[in-house]
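Below are the structure tokens for one structure; questions will follow.
The values are calculated or read from the model by the stated rules, or taken from the named source; none is laboratory data. Bear in mind that the values here come from a model prediction, so they are computed numbers and not experimental data. With ideal geometry, Cβ positions are generated from the backbone for all residues, glycine too; neighbour counts draw on all protein chains shown.
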């Protein structure tokens, strides 16, 4: 379940849903539905969020618990 991580990352960066939604170019209500697990988040938005939060898509999706992306 990825959606709790969306909220946690946003709160850790002291952002409001409206700010993240604006960054993604979507409505705040749509973003809210991603955070509560009502809608599946598209892959391209996961990638944008990973860039915003300087983490990996794998962390957001729950495939790893390492918030810091590996160095390449």
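Counting only residues that are within 12 Å of the chain's Cα centre (by Cα) and surrounded by fewer than 15 Cβ atoms within 10 Å (Cβ to Cβ), how many does segment 53-72 have?
Summing the residues that are within 12 Å of the chain's Cα centre (by Cα) and surrounded by fewer than 15 Cβ atoms within 10 Å (Cβ to Cβ) in segment 53-72 gives 2.
Quickly run through segment 1-35 and pick out the residues that are modelled with pLDDT under 95 and outside any helix (DSSP H, G or I).
Once the filter is applied, which keeps residues that are modelled with pLDDT under 95 and outside any helix (DSSP H, G or I), segment 1-35 yields 1, 2.
Which pairs have Cβ atoms under 8 Å, sit 6 or more apart or on different chains, and link a residue in segment 35-61 that is without any contact (Cβ under 8 Å) to a residue 12 or more places away in the chain to one that is surrounded by 13 or more Cβ atoms within 10 Å (Cβ to Cβ) and outside any helix (DSSP H, G or I)?
Every condition considered, the pairs that remain are 58/64.
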